[in-house]
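What follows draws every value from the coordinates through simple rules; no lab data is involved. A quick note: this is a predicted structure, and the numbers were derived from the prediction, not measured. Note that we place each Cβ from the backbone using ideal geometry, even for glycine, and neighbour counts take in every protein chain shown.
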Amino acid sequence: SQQGEEDPQALSIQEGENATMNCSYKTSINNLQWYRQNSGRGLVHLILIRSNEREKHSGRLRVTLDTSKKSSSLLITASRAADTASYFCATDRGSNYKLTFGKGTLLTVNP
Amino acid sequence: IAGITQAPTSQILAAGRRMTLRCTQDMRHNAMYWYRQDLGLGLRLIHYSNTAGTTGKGEVPDGYSVSRANTDDFPLTLASAVPSQTSVYFCASSPEGSYNEQFFGPGTRLTVL
C-alpha cells in the first residue's frame, strides 16, 4: 500500500513561476525524501528531511515537513523548462522498513 | 563514471519464458533494490538486499527471485514471465550509514506478450 501520496497529480506552470507539490503519509517516519524522474529515466535523489527537521533548502528547492499533519511540501522557485519531470516523495519508516514511494506529481514548466 | 547499470535497456518476451534482468553498481553500496514502475501505481518494491549474501521480499515479490552473490551485482529473475509483469524495472542502491538515499539505474522496459 502507498505510504506517500502526492498532490496534485499534475501541475502546469510558466517558466519563472514557483511550483509547490505536496505529500501526505500515514504512519510515523524517520525521514522523507523527494526524487525527480525525467521522462524515460531513473529517479534522482533531490533532498532528504529528517523527522526532527521542519524545513530544508537546497538551491531552488525548499522542503517542509509537518509531522503533526503527516505532510510535506516541495517548493521549486523560479522554475525552468528543465524542471519538467515527475516528482516523487518517499518515506523511510526505519531500519526494518524500506522506502515507500508515492505515485508522483507530473510537473510541466512551459517556456 | 560511477553508478548503476542495467541490462537490457528493453526486452520483448514471450509469456512463459525465463528472463534475468541485470544490475551492477560500482559504488560499493551495501544495499540494493528492485522496483517496478507502472502507470498509476508508482514505484513498488519487489525485492531488496541489505548486504551481499542476504535478500528480502518487498511489496510485490511473487513471480520474481533475486540473488546477491557479491556487493556489485543484483540480478532479478522472472522464472516464467506473465503479461502482468510488463513494466519498467528499476534497480537502486544505497550506501551503508546513509539515511537510505537511493541511487537509481536507468531502467529496463520489459514487455511480456
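Summary table
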item	result
Mean Cα-pair separation over length for region A:68-111, i.e. relative contact order, pairs under 8 Å, 6 or more apart, %	42 percent
Debye log10 I(q)/I(0) at q = 0.08, 0.10, 0.14 Å⁻¹ for the protein assembly as shown, Cα point scatterers	-0.29, -0.45, -0.87
Highest to lowest packing among B:16-25, B:54-63, scored as the average C-beta count within 10 Å	B:16-25, B:54-63
Most mobile of A:Leu32, A:Leu43, A:Leu74 in a GNM of chain A (Cα contacts under 10 Å)	A:Leu43
Rel. contact order, % - alpha carbon contacts under 8 angstrom, at least six apart, region B:10-113	35 percent
Relative contact order for region B:58-113, counting Cα pairs under 8 Å that sit 6 or more residues apart, in percent	29 percent
Karplus-derived HN-Hα couplings along region B:57-64 (A = 6.51, B = -1.76, C = 1.60, θ = phi - 60°), whole Hz, x at Gly and Pro	8, x, 6, 10, x, 5, x, 10
Kirkwood estimate for region A:1-85, i.e. one over the average of 1/r between Cα atoms, Å	13.5 Å
Residues with amide H under 5 Å from that of B:Met27, placed H, sequence gap 5 or more	B:Gly3
